[in-house]
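Report on one structure; see the data block that follows.
The values are calculated or read from the model by the stated rules, or taken from the named source; none is laboratory data. Owing to the predicted nature of the structure, the values given are computational and were not obtained by experimental measurement. When we count neighbours, we look across all protein chains shown, and the Cβ atoms used for this are built from the backbone with ideal geometry, even at glycine.
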Amino acid sequence: MLTANFVKVQPFELPESDSKTVAPISAIVAITKDGQFELNSIPITVGNLERALREELSGMEGQKDVTVTIVAEKGLRSKTLLRSCKSQAV
């Protein structure tokens, strides 16, 4: 679980944890509580997310620890996420 203790993703409020494990971060996919997506703080449609992630990670081939971190803003409802994905034909 990604927590506010280790990672700061603005302007998200993340749950807290006492975990001491931190994974390296190569890319961050953020989902706002209104169902909007961002890749490394840049707004993106769900339909373009896969292509953009492939481009973002293409220069990291051969690296040992490539990590895509997915964070959802506190308060995001699953209905909102599903509606957002369906409206963008994912």
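Applying the selection to the stretch 40-90, what residues are surrounded by 13 or more Cβ atoms within 10 Å (Cβ to Cβ), in contact (Cβ under 8 Å) with a residue 24 or more places away in the chain, in a strand (DSSP E or B) and aliphatic (A, V, I, L, M)?
Of everything in the stretch 40-90, those that are surrounded by 13 or more Cβ atoms within 10 Å (Cβ to Cβ), in contact (Cβ under 8 Å) with a residue 24 or more places away in the chain, in a strand (DSSP E or B) and aliphatic (A, V, I, L, M) turn out to be VAL68, VAL71, ALA72.
Scan the stretch 37-64 residue by residue and report those that are closer than 17 Å to CYS85 by Cα and in contact with a Leu (Cβ under 8 Å, 6 or more places away or on another chain). Break it down stepwise before answering.
Residues of the stretch 37-64 closer than 17 Å to CYS85 by Cα: 37-39, 43-53.
Result: PHE37, LEU39, LEU49, ALA52, LEU53.
Please go through the stretch 50-75 and give me each residue that is out of contact with any strand residue (DSSP E or B) (no Cβ under 6 Å at 6 or more places or on another chain) and either within 15 Å of ILE28 (Cβ to Cβ) or of a type in the set (Asp, Glu) (or both), ordered by number. Outline the logic, then answer.
Initially, the stretch 50-75 is screened for residues out of contact with any strand residue (DSSP E or B) (no Cβ under 6 Å at 6 or more places or on another chain), giving 50-51, 53-55, 57-67, 73-75.
The answer is GLU50, LEU53, GLU55, LEU57, MET60, GLU61, ASP65, VAL66, THR67, GLU73.
Which residue is modelled with the lowest pLDDT, if the candidates are limited to the stretch 1-55 and must be under 11 Å from VAL71 (Cβ atoms) and of a type in the set (Asp, Glu)?
GLU13
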